1. Can you tell me which residues in region 31-72 are closer than 16 Å to Gly86 by Cβ and among the β-branched types (Val, Ile, Thr)?
2. Just to be sure before I move on: is Glu59 touching a residue at least 24 places away in the same chain (Cβ under 8 Å) and not in a loop (DSSP other than H, G, I, E, B) in the structure I sent?
3. Quick test of your reading of the structure: Ala2 fulfils all but one of (1) open to solvent by 10 Å² or more (accessible area, probe 1.4 Å); (2) in contact with a strand residue (DSSP E or B) (Cβ under 6 Å, 6 or more places away or on another chain). Name the failing condition by number.
4. Please specify each residue of region 27-40 satisfying the condition of being free of Cβ contacts under 8 Å to residues at least 60 places away in the same chain and of a type in the set (A, V, I, L, M).
5. Does region 44-94 hold any residues that are among the small types (Gly, Ala, Ser) and within 16 Å of the ligand (Cβ to nearest atom), and which are they?
6. Please find, within region 1-25, the residue that is farthest from the ligand (Cβ to nearest atom) out of those that are touching a residue at least 60 places away in the same chain (Cβ under 8 Å) and within 15 Å of His95 (Cα to Cα).
Amino acid sequence: MASIFTKIINNEIPCYKVAETENCFAFLDINPNAEGHTLCIPKQEVDNLFDLDTKLYNELMMFSKKVAKALKKAIPCERVAMSVIGLEVPHAHVHLIPINEMKDVTFRNKVTLSKNEFQDIANNIKSYL
Ligand code: 5GP
């Protein structure tokens, strides 16, 4: 069965898209730690990030770097943190999280955003890409 992220890529489930290339896709996390929390994924459905072939792994890292740079410009923050967890969705993904302090990467503090806020944030990040 296709992962929830494959369904997002295929437009079967809506998302707030940030960026797309031939092999990678970025969209806002639906339950964000902070405004701008973005997920970068390979289009190929592989569970574990470290099982990606080297070429696609490097491509995803370069893609994540580009999105992180745009994120830093779009969202005022101390840093953009990068985290790989994967306990919930078995489709490799890189979390990019604008942070100001350690608690922003604990995945315990969550922010609630309206549809309009999500859309504005996605548009803002896109404008720096
Ligand atoms: P992990 O697998 O790294 O533990 O967490 C998966 C992440 O994907 C979580 O932060 C969760 O909020 C996010 N997520 C799960 N389902 C969806 C979804 O349908 N849409 C979006 N945009 N994010 C999701």
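The values are calculated or read from the model by the stated rules, or taken from the named source; none is laboratory data. If you're wondering where the values come from, they're calculated on a predicted model, not measured in any experiment. Because the Cβ atoms are built from the backbone with ideal geometry, glycine has one as well, and the counts that use them run over all protein chains shown. Accessible surface is based on the protein model in full, side chains and every heavy atom, while ligands, DNA and RNA are left aside. Shrake-Rupley method; radii C 1.70, N 1.55, O 1.52, S 1.80 Å.
1. Thr38, Ile41, Val46
2. yes
3. Ala2 satisfies every listed condition except (2).
4. Scanning region 27-40 gives Ile30, Leu39.
5. To start, the set of residues in region 44-94 that are among the small types (Gly, Ala, Ser) comprises 64, 68, 70, 74, 81, 83, 86, 92.
Selection gives Ser64, Ala81, Ser83, Gly86, Ala92.
6. My answer is Ala19.
Let's see how each residue does on (1) open to solvent by less than 20 Å² (accessible area, probe 1.4 Å); (2) in contact with a His (Cβ under 9 Å, 6 or more places away or on another chain); (3) over 19 Å from Ala122 (Cα atoms):
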site: Asn10; (1), (2), (3): no, no, no
site: Glu20; (1), (2), (3): no, no, no
site: Gly36; (1), (2), (3): yes, no, no
site: Asn58; (1), (2), (3): no, no, yes
site: His91; (1), (2), (3): yes, no, yes
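Conditions tested, residue by residue: (1) open to solvent by 90 Å² or more (accessible area, probe 1.4 Å); (2) assigned to a loop (DSSP other than H, G, I, E, B); (3) among the charged types (D, E, K, R).
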{"residue": "Asn31", "(1), (2), (3)": "no, yes, no"}
{"residue": "Phe50", "(1), (2), (3)": "yes, no, no"}
{"residue": "Lys66", "(1), (2), (3)": "yes, no, yes"}
{"residue": "Leu71", "(1), (2), (3)": "no, no, no"}
